[in-house]
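See structure below.
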Amino acid sequence: MQNSSINFIYITMLMLFLLTVLNLKYHLLSLLLCLEMMMLFIFLSLSMLLMKPLSASMILYYLTIGVCEGGLGLSFLVLLIRSHGDDYSMNLDIMM
């Protein structure tokens, strides 16, 4: 009983994050913040669902990928703001 309620909470939170990502598709900074929170939530849920501590190398790999994703997202955001003036993605033209 305990395990099914925890799984329901995890699935509900993941769906909530995905719906938030769909609603924030116009502003990239809010989208990046939501994606970082999703990475942290997945990390916490993996460590709690396995009910044993993850190995140190697995934790370092996962957190390294999360940091690289955040760094690439922020560099893309800075490039976008310098070239277009804002983070509103509806102003972007992919062909330019």
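The values are calculated or read from the model by the stated rules, or taken from the named source; none is laboratory data. Worth saying up front: this structure is predicted, and the values here are computed from it rather than measured. Because the Cβ atoms are built from the backbone with ideal geometry, glycine has one as well, and the counts that use them run over all protein chains shown.
Here are the numbers for the structure shown:
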read-out	value
Residue list for the range 1-35, restricted to those being outside any helix (DSSP H, G or I) and in contact with a strand residue (DSSP E or B) (Cβ under 9 Å, 6 or more places away or on another chain)	Tyr26, His27
Among residues of the range 1-58, those that are small (Gly, Ala, Ser), closer than 30 Å to His84 by Cα and modelled with pLDDT under 75, counted	0
Tabulated pairs, the range 56-69, first among the polar types (S, T, N, Q), second surrounded by 11 or more Cβ atoms within 10 Å (Cβ to Cβ), C-beta under 6 angstrom, 6+ apart or interchain	none
In the range 20-41, residue surrounded by the fewest Cβ atoms within 10 Å (Cβ to Cβ) [restricted to those that are in contact (Cβ under 8 Å) with a residue 24 or more places away in the chain and among the hydrophobic types (A, V, I, L, M, F, W, C)]	Leu40
Residues within the range 74-90 that are more than 21 Å from Leu35 (Cβ to Cβ) and either among the basic types (Lys, Arg) or at pLDDT below 65 (or both), tallied	1
